[in-house]
Each structure stands twice: as C-alpha cells, then as structure tokens.
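Undergrad: My questions will all concern the structure given below.
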Amino acid sequence: MACIEARGLRKEFGTTIALDGIEMRVEEGRILGLIGPNGAGKTTALNAILGLLPYQGELQVLGRDPWTQRDQLMRDVSFIADVAVLPRWIKVWQVLDYVAGVHPRFDRAKAESFLAKTTIGYARRVRDLSKGMVAQLHLALVMAIDARLLVLDEPTLGLDILFRKQFYDSLLNDYYDRSRTIIVTTHQVEEIQHVITDLMFINRGRVVLSYSMEEIESRFLELMVHPDQVDAARALKPIDERQVIDGSILMFEGADRQQVATLGEARTPGIADLFVAVIANQDKQAQGAAR
Amino acid sequence: MSSQSNVMPESTLRAQGIAAAPFPAARLMYWSVRRELWENRAIYVAPAGVACVFLFGFSISILHLLVEMRAAPWLDVMQQRELFGQPYEFAEDLIMGTALLVGLFYSVDALYGERRDRSILFWKSLPVSDLITVLSKAAVPIVVLPLLAFAITVLTQWMMLLLSSAVLLGSGQNVAILWSRVGIFHRWPMLLFHFLCIHGLWQSPIYAWLLLISVWARRVPILWAALPPLTIGIVEKVAFNTTYFGSLIGNRFTGGSEGIAIMERGRAMDPMMLFAPLNFLINPGLWIGLAVTAAFLATAVRLRRGRGPI
C-alpha cells in the first residue's frame, strides 16, 4: 500500500485553481521533497492530505479519506504547519500533558529527552520562548509521536542557519527509520538536497517533475563548458543554460553522459538549479502559449 | 492494511494497533476540557475573585450585624429570615451573574480564538475530532461553569456564616437564631439544581448560538452574535408592535417563569419546591431549547471541519 495516493486531485478557491489534477503516489519509507514557487499549490496539497480542506478527486492517505476521517488519520500522521502554531498561552508542561493525554502514540519520555538537550524550561509559556525554541519544542513533540507519516510545511522558516541544520540532523538521526514517510516543503532547497529520497516539483497546481534522487542523478546532467565549446554543447539540446564567469553551465535531461562529458566538466545538478531550469522553462512555455 | 507492509516489521506492528489502541472518547473529552481551563483561567478566577471581594464587603457588614442582632428577637420569623438570609442571596446572585458573563465571553471566543492565533492547525494535528472539540467547548459553560459556580457559592456562604458566627460569639452573642434563619443548607440542593438546569440546560441555546457564531465569523464574532437577535427584535416591534422574540430571548437568560419559580420557592422554603424539578423536566421549553442547542452544535461541528487560520 502506498502511503499517499492521489488521482486527479483538484481544489478551487472561487475562480482560482489551486490544484489542477495532482497525480501523486508516495510509497512508505520515502522522504519526499515537495518544491514549488509561491502559490504553486504546495500548502493546498498538503492541507488536503492532512484533512484540513475538502477537495475533488481521489485521495487516500494510509488507506483513509483524510477529509472524513481526519481524527483517525491523525493517530498515524503528524504535521508541522508552515507557521508557528503552538498556542502562545500554553506552558511547556501543559502541552506535554495534553499531547500525552490525547495521542495514543506519544512517548512522553522521548519528548522529554529531546527537550533535555535544549534550554527550554517546563514552566515557561510558548509566548516567552524564542522562535528557535518554539520550533525545537514542536519538533520534540512531533518526534516523540510514533507516526507513519510526518508532514513538514516550511518547518525551518525564519530560523537561523544553526537551528535549521540541527533540525534536519535530528530528523534524520533520531526520527527517520525507513518505515516512516516524511514529506517536506521548503524554499531552502539546498538544505534538503541530501535529506530527501524523492523529489517533486509543483507549479500552477500541477506536478511538473517527480523522480527519486537516483533517477535525478541518472537523468539530469549539468555541464560546465568553455566558451569555445558552447555551440557544440548547445547542439545536444540542453534544457537550460546560464552564464558563469569563465563559461556557461548547460543542463541536459536524458542525454548521453559520455557524449556530453567530452565537452566539459559534467556533474549532477543541484536541486535549486534544476528547479530554476524546470520551472522557468515551463513558465516561458506558458507565456509563449498565451501569446 | 498490515499485510502490505511486510517489508517494514515495525509499521506492521503499528498497523495492527498493538502499540496504541485509540483512546476512549471520555479521555479525549477530559483532556480537552482541561485544556480549556488552562487557556481560560477566567472560568474559575472570575467567580472566585468576585466571591473574595464580596466576602471582604460582607466582613465589613458584620459590624451592622452586631447591632441588628440585638433587635432580632423582636422580629417575626419572616423578618428574621429576610434580615439574615439576604446577604446570602446577594452572594448567590452575584456569583451567578459572574458565571453568566464569563460563559458568554468564553463561548463567543472559544472557536474564534484558535483560528485567530492559528493554533487550530496544532489542535487539528492531534487525533481529536471536531465533535469532541466542540462538545468540550460547549461543556465549559453548560456543565463546568455551573458546577464551579455552585461550589464557589457554597464555599462563600460557609465562609460568611463562619465569619459572622465568629464575630457574634466573640462579642458574646447567641448564634442560634442566625443559624436557624439563614436557611442556606436546605437550599443548596435547590441551588445545585438551579445551576445545572437553568444555567446549564435552560441557557444552553445561548451558549450554543455563541459557539456557532465563533466558528463561523471571520471577524468580530461578538457583533455577529448580538446583531441578528437585536435586529429581529426591533423589526418585530416595528412591524407588529409585539415583543415575543425579545421575551423569548430574555426568558432564556432568566430561566423563564419556571426557573424563577424554582428560586423563589427555594428561598421561601415552599414545600412545593420538592416538585419543581419535575415541573421543570416536563416543561416543553426545556426540550425545545435542548433541540436548538443540538442543532447549533451539530452545525458548529460541521463548520469547524473546514475551518483554518484567519
């Protein structure tokens, strides 16, 4: 059984189409990076998956319909939404008590051991904690829940670089065990490059790219070319080209690696560059079609 | 479900529910109500605070009591009851009024505040259904607050009695008249009934209406809650020169004729009061009110399902 299976997932807000027939299948045990420009429909898609929004089309999360079975689903799913959502009035011990009170899969001792590594005092209110501490608290709660699916929507937004690194480190080292599925969206794409196993780009409410990281490696190629080789390289139909100080970088999709490598220095592109290439191309085509 | 995850022994275990059966609804309800009390300390602080202030005022009034006690033996029983019983009735009314106000303000914010501060996203990330959430929030003004107010009233009246007895005894006077005439002990069962039935059940449509508005309104829920009834009342007055709607609403606040009668009889120690609960329970107004409450709450549950931060 797939962890998440969506077919023709649609969502409209008035006249705006937020999701335009999303097809996705996420197997258990994967870490999926969901990347897209602002307003691409990432959060809408995640909200549908979490049972926060009604939708059209088919959607199953862990074999359940999220919209009608949210409360049952939440026994197996945890999420951190894209904004700080811990209630500001609550005290640290209260939130521990409450989650232990309502969540059958919450391991309080585990949460306390995570908190022991921080400077968060149990008697403090969330409103008195710094932004980083609130994120640590929320992460400690979520990591102590033995969930099968964890959804993180911009979990590190507004945190400094140290916190962001710590966040992903503890996620990988202390939480992920190959039986859990994690979905993460972020604009800090380079941070999750080595965290994710699968990559999905969303633009204008559609999935425009969906591969495992292994597939990305074998499929996409970035070539650093000297100016005198550029024309030869262009003949191989790159999907993107950008200028750097001493030459050009061309990106190829499905090209013959050996043939391309004779023209310069070849390597696997970073997610950020791939994102720019794919999304920018798509937007150009869309504009062209509009004309 | 479990057969498919054969490569992952741990998730098989989880899927079979060995590690974690769902919690019973009563447990989720208990923690949800506790959560409300953590967030809204006014629920107990306000009635307790008012009781303390009242006790302070009462302890000053004991000085008058010393004077009045000398005249007491010449008064008849009814006058004695009025003399000694009145402050105790004041205490009841004051705490009841406070509980009503707290309940109104609590309800109109209960499902609005969580959207305004975005914490609804956190609450919804936990396995607590919208039904439990709405019911726990409705339970606060309908069950918790009346019980708390009753307990605080009883405690306050005890303190009043002990305080005045101590002062009287200290000044060498007899407290027998006072204890036999304040008439609070036998009134407590009636008071409990009043709190639970009038402040709980009879007024429940008011709280349910406010909860409905608080889950529906995108801004100023207090205005949305007050304006429609007000408008209907005024339009009715203009169109038909009647005030049925207004008295219908007023009736819900005061407890109606039946509710008032219960208190009056209780205070007057009328033997009829023994039958009052029965009269109250067969009153169609009670059941119509409860049906309206159920309808409002069911709508609130449905609405909350699609609600997010505002």
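None of the figures in this text is laboratory data; all of them are computed from the coordinates on show. Since this is a predicted model, take the numbers as computed values, not measurements. With ideal geometry, Cβ positions are generated from the backbone for all residues, glycine too; neighbour counts draw on all protein chains shown.
Undergrad: What is the average number of partner chain Cβ atoms found within 10 Å of a Cβ in A:102-109?
TA: 5
Undergrad: Could you tell me whether chain B comes out rounded, prolate or oblate from its Cα gyration tensor? Rule is a ≥ b ≥ c as square roots of the eigenvalues, rounded for a/c under 1.5, then prolate if a/b exceeds b/c, otherwise oblate.
TA: Note, shape of chain B comes out prolate.
Undergrad: Can you give me the long-range amide H partners of A:Leu236? Hydrogens built in the peptide plane at 1.01 Å from N, cutoff under 5 Å, separation of 5 or more residues or another chain.
TA: For A:Leu236, whose amide H was placed from the backbone, there are no distant partners under 5 Å.
Undergrad: How far apart, in nm, are two points set 7 Å out from the Cα along the Cα-to-Cβ line at B:Ile232 and at B:Leu278?
TA: Simple spin-label model gives 3.4 nm for this pair.
Undergrad: Another one. Per the helix-only calculation at 222 nm, which mean residue ellipticity applies to chain B, given -39500 (n - 2.57) for every DSSP H run of n ≥ 4 and division by its residues, nearest 500 deg cm²/dmol?
TA: Taking each H run of at least 4 residues, the total per residue is -24500 deg cm²/dmol.
Undergrad: Quick check for you: which residues of the range A:74-110 have the amide N under 11 Å from the point 7 Å beyond the Cα of B:Arg27 toward its beta carbon?
TA: A:100-106
Undergrad: Return the sequence-ordered ³J(HN,Hα) values of the range A:106-118 in whole Hz as given by the Karplus equation 6.51 cos²θ - 1.76 cosθ + 1.60 applied to θ = phi - 60°, using x for Gly and Pro.
TA: Result, rounded to whole Hz: 8, 9, 4, 4, 5, 4, 5, 6, 5, 5, 4, 7, 10.
Undergrad: Can I ask one more? Between A:Glu112 and A:Arg127, what length comes free when the chain is fully extended (0.36 nm per residue of separation minus the Cα-Cα distance, one decimal in nm)?
TA: Stretched fully, the A:Glu112-A:Arg127 segment lengthens by 3.4 nm.
Undergrad: While we're here: ³J(HN,Hα) across the range A:157-171 via Karplus (A = 6.51, B = -1.76, C = 1.60, θ = phi - 60°), whole Hz, x for Gly/Pro?
TA: 4, x, 9, 6, 5, 5, 4, 4, 5, 4, 4, 6, 4, 6, 4
Undergrad: So, one more: So for the pair A:Glu217, B:Met78, with labels modelled 7 Å out along Cα→Cβ, what separation do we get in nm?
TA: Placing both labels 7 Å along Cα→Cβ, they lie 9.8 nm apart.
Undergrad: Right, next: When a/c is below 1.5 the answer is rounded, else prolate if a/b is larger than b/c, else oblate, so apply that to the range B:126-219 with a ≥ b ≥ c taken from the square roots of the Cα gyration tensor eigenvalues.
TA: Prolate shape, in that a/c is at least 1.5 and a/b is the bigger ratio.
Undergrad: Under the definition of Cα pairs under 8 Å and six or more residues apart, what whole-number percent is the relative contact order of the range B:24-305?
TA: In percent, rounded to a whole number, it is 26.
Undergrad: I'd like the Kirkwood hydrodynamic radius of the protein assembly as shown, using the inverse of the mean 1/r over distinct C-alpha pairs, in Å.
TA: 28.8 Å
Undergrad: Return, ordered by residue number, the residues of the range B:218-233 whose backbone nitrogen is under 18 Å from a label point located 7 Å along Cα→Cβ of B:Thr254.
TA: Answer for this model: B:233.
Undergrad: A further question on this structure: If you filter the range B:139-182 for chymotrypsin sites (Phe, Trp or Tyr not before Pro), then keep DSSP loop positions with at most 15 other Cβ within 10 Å, what is left?
TA: none
Undergrad: Using the alpha-carbon centroid of each, what span in Å lies between the range B:195-222 and the range A:1-61?
TA: Here the answer is 36 Å between Cα centres.
Undergrad: Skipping prolines and chain starts, which residues have an amide H placed within reach, meaning under 5 Å, of the one on A:Arg206, given they are 5 or more residues away or on another chain?
TA: A:Asp20
Undergrad: Multiply the residue separation of A:Asp174 and A:Gln193 by 0.36 nm, subtract the distance between their alpha-carbon atoms, and state the gained length in nm to one decimal.
TA: 5.0 nm
Undergrad: Too long at a 27 Å Cα-Cα cut-off: which of A:Lys42/A:Lys284; A:Lys11/A:Lys110; A:Lys11/B:Lys124; A:Lys42/A:Lys110; A:Lys131/A:Lys165; A:Lys11/A:Lys237?
TA: Exceeds cut-off: A:Lys11/A:Lys110; A:Lys42/A:Lys110; A:Lys11/A:Lys237.
Undergrad: Apply the a/c threshold of 1.5 to the C-alpha gyration tensor of the range A:77-175 and tell me whether it is rounded, prolate or oblate.
TA: rounded
Undergrad: Once phi is turned into ³J(HN,Hα) by the Karplus curve 6.51 cos²θ - 1.76 cosθ + 1.60 with θ = phi - 60°, what whole-Hz value does each residue of the range B:143-157 show in order, with x for glycine and proline?
TA: 3J(HN,Hα) across the range B:143-157, in whole Hz: 10, 5, 5, x, 5, 4, 5, 4, 4, 5, 4, 4, 4, 5, 5.
Undergrad: Follow-up question, since we're still on this one. Could you tell me the distance between the Cα centroids of the range A:138-153 and the range B:137-172, to the nearest Å?
TA: Distance between centres, Cα-based: 46 Å.
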